[in-house]
Amino acid sequence: MMIKSDALERLVAAIFRAEGCSEAESASIARHLVSSNLAGHDSHGVIRVPRYVAILRDGLVVKDRKIEVVTENDAMAVLDGGNGFGQSIGEQAVAFGLAKAKKSGIAIVALRNSAHIGRIGGWAEIAAEAGYVSIHFVNVAGSMLVAPFGGVDRRMSTAPFCVGVPRAGEPPMILDFATSLVAEGKVLVASNGGKKLPEGALIDPDGRLSTDPQTLYGPIAGPGPRNYRAGKGSIRAMGEHKGSGLAFMCEIANGMLSIYMSPATFGSADGFAAMTREYVEFFKSSRPASPGGEVLTPGEPELRYREKRLKEGVPLEEETWQALRKTALAAGLGDNSIAEIVG
């Protein structure tokens, strides 16, 4: 089904309000999840709502938390999220880092003890909109899903890596990827009847490659939250030893380790903008490998998804919609209320 992004955002916010989150936190969760759908990253979008509600009810995440400063100096800080929702904690952590970078031109901020922090590209976009380059090394504590190169057992999280670069008068460039061959959310989408997994995305305990989501989740029956602890297989690292090595370094970092830099740090903001513009033009001038093809810079696919989905609506697989509806009903929203919200 297709649903307008603003209606989807209202529904998600209503669910979290009904679960006891504040108006501000509910709006933050909804805004960031739907933004991921708009960017084409459905794996980090509203498909996550049933799982978020489940961990809230199980006491694994704490609503309406504020970051606490563990240690700090002029250029760096370690922050603790108190196991709060990643969308709220992430917003606070990025704002803290940008405020520090504004004073010194550069800041390093380590965030620990946050629940799932969502699509990392969203944080890089916020930094870029404020005019800052940002680099993010991320790991997911307690979420061992990925086998190291040469192994079959789960030893790493999907360990995202992200870089955001602002561009004067133009959309920023955002490089954002899991260091696993696919993000766990992509397996979740596939389990709900969405886009199939690429060949060899998963690996069984006996070393056989797989594309079956049951390798990760165990037996699947109908819509609803998936339990990745029920499966015996693993996700594979991207790029063989290279992706595995990068993931290893992300795991060594502290939750989300972010570096914020003013372009003026590289000489001057105008000089950096000119250099970036010239290289983008040079990069995109490469002849395409196939007729009618096009060379894209990081972030361009997401921009095109966003334009299309803002106009046409966000596509949801039937199982994803039913799981979202079931979660809304369990939160106390009736079918009439759901219909009224989504129009």
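The values are calculated or read from the model by the stated rules, or taken from the named source; none is laboratory data. On a predicted model such as this, the values are computed, not experimentally measured, just so you know. No Cβ is skipped: glycine too gets one built from the backbone with ideal geometry, and neighbour counts run over all protein chains shown. All accessible areas refer to the heavy atoms of the entire protein, side chains included, with ligands and DNA or RNA removed. Shrake-Rupley method; radii C 1.70, N 1.55, O 1.52, S 1.80 Å.
Values as computed for the structure displayed
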| read-out | value |
| --- | --- |
| Rounded Å value of the spacing that divides the Cα centres of segment 52-89 and segment 273-331 | 29 |
| With DNA, RNA and ligands ignored, accessible area of E340 (1.4 Å probe; Å², nearest 10) | 150 |
| For segment 253-264, Karplus couplings with θ = phi - 60° (6.51, -1.76, 1.60), whole Hz, Gly/Pro x | 5, 9, x, 10, 9, 10, 10, 10, 9, 6, x, 5 |
| Separation of alpha-carbon centers, segment 1-38 and segment 103-126, rounded to whole Å | 21 |
| Cα gyration tensor category, rounded, prolate or oblate, for segment 225-343 with a/c compared to 1.5 | prolate |
| Global form of segment 78-130, assessed from the alpha-carbon gyration tensor, a/c cut-off 1.5 | oblate |
| Sequence-distant residues sharing a close amide H with M76 (under 5 Å, placed H) | I108 |
| Relative contact order [Cα under 8 Å, 6+ residues apart], segment 18-104, whole percent | 24 |
| Net length gained if the chain between M275 and D64 were fully extended (0.36 nm per residue, minus Cα distance) | 71.7 nm |
| Share antiparallel - DSSP beta bridges, segment 69-118, percent rounded to 5 | 35 |
| Electrostatic dipole magnitude of the chain [Cβ: Lys, Arg +1; Asp, Glu -1; Cα centre; debye, to 20] | 300 |
| The chain - mean residue ellipticity at 222 nm from DSSP helices (-39,500 (n - 2.57) per run, n ≥ 4, rounded to 500) | -13000 deg cm²/dmol |
| Computed FRET value (nearest 0.05) for A230 with V295, which takes r as the C-beta separation and R₀ as 45 Å | 0.60 |
| Charge dipole magnitude, Cβ of K and R +1, D and E -1 - segment 1-144, Cα centre, debye nearest 20 | 120 |
| Directionally averaged shadow of segment 275-343, computed from the convex hull of its alpha-carbon atoms, nm² | 8.0 |
| Residue with peak Gaussian network fluctuation, the chain [Cα springs, cutoff 10 Å], from S36, S234, S286 | S286 |
| Karplus (6.51, -1.76, 1.60) ³J(HN,Hα), θ = phi - 60°, over segment 316-327, in Hz, Gly and Pro reported as x | 10, 5, 4, 5, 5, 5, 5, 5, 5, 4, 4, 5 |
| Mean Cα-pair separation over length for the chain, i.e. relative contact order, pairs under 8 Å, 6 or more apart, % | 22 |
| Cα gyration tensor shape for the chain, rounded if a/c is under 1.5, else prolate or oblate | rounded |
| Accessible area of the chain divided out per residue, in Å², using a probe of 1.4 angstrom | 47 |
| Filter on K63/K186; K196/K311; K195/K308; K66/K186; K195/K284 - keep pairs with C-alpha separation over 22 Å | K63/K186; K196/K311; K66/K186; K195/K284 |
| Accessible surface of the chain, 1.4 Å probe, proportion on carbon and sulfur as whole % | 56 |
| Kirkwood hydrodynamic radius of segment 1-86, Cα pairs, Å | 14.0 |
